[in-house]
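J.: The following block contains the structure, expressed as structure tokens.
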Amino acid sequence: MMSIGSRIKQRRTELNMSQEVLAEKIGVSRSAISNWEIERNYPDLQVIVSLSDILDIPLDILLKGDAAVVEKISTDTVQRKSLSKKLKFAYIFIAILIVLMGFALHKTKWMDISSNNQIKSFQYDGKNFIIATDLPFYRSMGGCAIDYSNNGEIINLTFSSYRDLSMANEEVFITNAYLYPNTTKVAIVYNNEPLVMYNIEDIDLSLK
């Protein structure tokens, strides 16, 4: 009983088709055709379908009696389905991971100073508030919101840092300050809660 390799060779010869021409039509190397014909290995299912069309030989005849190839095709099909399922799960996982990373990066682009451990020093030079901070190497100081509520007696400051891709790590920030005549305290706040409270006389450089 003829093997699939023998049938490929026989039909190719009947059509006066060289191994090079058949290989070009299928999109494989000439050595692949040679290996199939001497039964060193077998074509996969997709290639067998192409061979059936190009050589004009029905699939059932091409595969007839070749149990080894039929078993290989069955095994390859199961493996391909399993691999396809794993790839789908991998793609879904990667897509979810990218979305979560994008959300995390967006959410952490700007962050308020949230701990007094991030504050190294805070001073007032008569015109400006000067804060020195302790930030991760990838963040820099970038903004300040000033709240003059409480009739100006207490000034609330919210300082922000941003994710700095240049890694400049600017940890000192200077912002203009205006004190009311009755201002006695300055608070650095996070979520409207004081992290640390300073008396003006304790931070005013002009008094030292």
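Nothing in this text is a laboratory measurement; each read-out follows from the coordinates by a stated rule. Note that the structure is predicted; figures quoted are calculated from it, not measured. As a convention, Cβ positions derive from the backbone with ideal geometry for all residues, glycine included, and neighbour counts pool all protein chains shown.
J.: Taking the dipole about the Cα centre of the chain, with the C-beta of Lys and Arg at +1 and of Asp and Glu at -1, give me whichever of Phe89, Ile57, Tyr42 is farthest to the positive side.
T.: Going by the charge dipole, the pick is Ile57.
J.: Using DSSP to call loops (not H, G, I, E or B), can you name the GluC sites (Glu not before Pro) in segment 112-185 whose Cβ has at most 14 other Cβ atoms within 10 angstrom?
T.: Those satisfying the criteria are Glu153.
J.: Are there any helices in the chain, counted as whole DSSP H runs, that stretch 27 Å or more along their axis by Cα and score at least -0.5 on average by Kyte-Doolittle, and if so which?
T.: The answer, listed by residue number, is 67-107.
J.: Give the total of Lys-Lys pairs in the chain with Cα-Cα distances below 23 Å; include a pair only if its members are 8 or more places apart or on different chains.
T.: Here the count comes out as 13.
J.: List the chymotrypsin sites (Phe, Trp or Tyr not before Pro) in segment 131-186 that DSSP assigns to loop (not H, G, I, E or B) and whose Cβ has at most 10 other Cβ atoms within 10 Å. Which are they?
T.: Phe137, Tyr178
J.: Which net charge results for the neighbourhood of Ile131, defined as the other residues with beta-carbon distances under 10 angstrom from its beta-carbon, given Lys and Arg at +1 and Asp and Glu at -1?
T.: 0
J.: Using unit Cβ charges (K, R positive; D, E negative) and no other charged atoms, how large, in debye to the nearest 20, is the dipole of the chain about its Cα centre?
T.: Using only the charged Cβ atoms, the result is roughly 920 debye.
J.: Let me ask something else. With Kirkwood's inverse mean 1/r over C-alpha pairs for Rh, give me the Rg to Rh ratio of the chain, two decimals please.
T.: 1.57
J.: Please list, in chain and number order, the residues 5+ apart from Leu195 or on another chain whose amide H is under 5 Å from its amide H, with Hs placed from the backbone.
T.: Close amide H contacts, sequence-distant or interchain: Ile188, Val189, Tyr190.
J.: In sequence order, what are the phi-derived ³J(HN,Hα) couplings for segment 166-172 according to the Karplus relation 6.51 cos²θ - 1.76 cosθ + 1.60 with θ = phi - 60°, rounded to whole Hz, with x for glycine and proline?
T.: 7, 6, 5, 6, 6, 9, 10
J.: Using Cα springs under 10 Å in a Gaussian network model of the chain, which residue among Asp147, Asp60, Asp164 shows the largest mean-square fluctuation?
T.: Answer for the Gaussian network model of the chain: Asp60.
J.: Quick check: net charge around Ile174, other residues with Cβ under 13 Å of its Cβ, Lys/Arg +1 and Asp/Glu -1?
T.: Taking every Cβ under 13 Å from that of Ile174, the sum is -2.
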